Amino acid sequence: MGKLLALAIVGVLGALIGERLMGFRHRLCASREYKPKRLTNCHLIKGIETGSEDIDILPNGLAFISSGLKYPGIVSLAPNKRGEILLMDLKEDNPRPVELRISRGFDLASFNPHGISLYIGDDDTVYLFVVNHPHQKSTVELFKFVEDDNSLVHLKTIKHELLPSVNDIVALGPDSFYATNDHYFTELILIYLETFLGLTWTNVVYYSPKEVKEVASGFYSANGINISPDGKYVYVADLFGLSIHIFEKHENLSLTPLKVLPVDTLVDNISVDPSTGDLWLGCHPNGMKLISHDPENLPGSEVLRIQGILSEKPVVTQVYVDDGSVIQGCSVANVYDNQLLIGTVFHRALRCEL
């Protein structure tokens, strides 16, 4: 009887592990095959070699780029190089990125920038919010942009117990924002276990100096976040949920879920075209390749455009696909004046004419 019970327990555990493994592979799109679909007029951006994880663009065409992210489980092509914020003027005929100087007193040596968001104040002051991971912790750094000398003045560092694993951010005011936590745990082994088991414990948090609260939860891995041009709706990418969640935003800053749009790819950051409201998504077509980073089987890149996200039948268009031979690990796509910028977690960046 004892042996039978032991065999039964082993069988149940084996079945459970097998089921979790299948779910894990599904969430990573591990079996997905894809063919390149490139645009005709694209050029690699000189000066970006170690990542362009997030990109946000001002109405005047100044593009801010976070570069040099070191993220657990993802390869870094320059592990000893600190992170930086780059600036490109997209109104120039041949734009080139330049590093923005950061004011004294800020710890540049441990700067590890991730998601970013711009906010223009009532007095036209430009604020830049940057998710930072110094020493693999999570903070949000608030800067003021000084255009005259291409610099950032550090205003403050934001830390909070409800912001343990911040991925992306969308600014709502000069010192308030929504942020996504992409993991529940912060210890690496528990992060891997959380991902393998498929726990839906990640969330979205609202932060202001007066109030900090959870406003949405139940994601496999809450990643990119953005807001509609009219400020009425919030979009959240669930990386391992292979979907976009749409929420209605209320005056008290709470969020009500409206619907979930499956996209069958690992969506990273979300950009919103301010003139059309279209969503532009940087995606990983096969997450297993991103994690393993086999030089013989490189991680690819995918860009999706979603039109009419609030309609009954949104139009999802695959704009760009690469097999890793041009850019690896696409994390963001953003548009300005018929230009498409495609950024990556750890690799290069692309500028295309639409």
Problem - Any hit, the range 304-314, residues being in contact with a Leu (Cβ under 9 Å, 6 or more places away or on another chain) and over 20 Å from Ser228 (Cβ atoms) - result: no
Exercise for the section: Pairs only if they're at least six apart or on different chains, beta carbon under 6 angstrom, first in the range 283-294 and crowded, with 23+ Cβ neighbours inside 10 Å, second modelled with pLDDT of 95 or more and among the polar types (S, T, N, Q); list them, first residue then second. Expected result: Cys283/Thr265; Pro285/Thr265
Completion exercise
Going through the range 50-72 in order, the residues found to be of a type in the set (D, E, K, R) and out of contact with any Leu (no Cβ under 7 Å at 6 or more places or on another chain) are Asp54, Lys70
Handout entry: Wholly enclosed strands (runs of 3 or more DSSP E) of the range 137-196 bearing at least 2 residues among the aromatic types (Phe, Trp, Tyr)
Key = 139-146, 176-181
Exercise for the section: Check whether at least one residue in the range 55-65 is surrounded by 15 or more Cβ atoms within 10 Å (Cβ to Cβ) and free of Cβ contacts under 8 Å to residues at least 60 places away in the same chain, and report yes or no. Expected result: no
Practice task
Identify the residue in the range 223-235 that is touching an Asp or Glu at 6+ places or on another chain (Cβ under 9 Å) and either touching a residue at least 60 places away in the same chain (Cβ under 8 Å) or assigned to a strand (DSSP E or B) (or both) and, among all such residues, is surrounded by the fewest Cβ atoms within 10 Å (Cβ to Cβ).
Solution key: Tyr233
Problem - Subset tally (residues that are modelled with pLDDT under 95 and either buried (at least 24 other Cβ atoms within 10 Å of the Cβ) or aromatic (Phe, Trp, Tyr) (or both)) for the range 303-354 - result: 0
Problem - Test: Leu266 is surrounded by 15 or more Cβ atoms within 10 Å (Cβ to Cβ), modelled with pLDDT of 95 or more and in contact with a helix residue (DSSP H, G or I) (Cβ under 6 Å, 6 or more places away or on another chain) - result: yes
Completion exercise
Taking the range 244-263 and keeping only residues that are closer than 17 Å to Glu312 by Cβ and either within 14 Å of the chain's Cα centre (by Cα) or in contact (Cβ under 8 Å) with a residue 60 or more places away in the chain (or both), one is left with Ile244, Ile246
Practice task
Quick one: Leu86 ticks every box in (1) part of a strand (DSSP E or B); (2) touching a residue at least 40 places away in the same chain (Cβ under 8 Å) except a single one, so which number is it?
Solution key: (2)
Completion exercise
Only unsatisfied item for Pro72, checking (1) within 23 Å of His154 (Cα to Cα); (2) outside any strand (DSSP E or B), is (1)
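The values are calculated or read from the model by the stated rules, or taken from the named source; none is laboratory data. Since the structure is predicted, the reported quantities are computational estimates derived from the model, not experimental observations. So basically every Cβ, Gly included, is an ideal-geometry build from the backbone, and we count neighbours across all protein chains shown.
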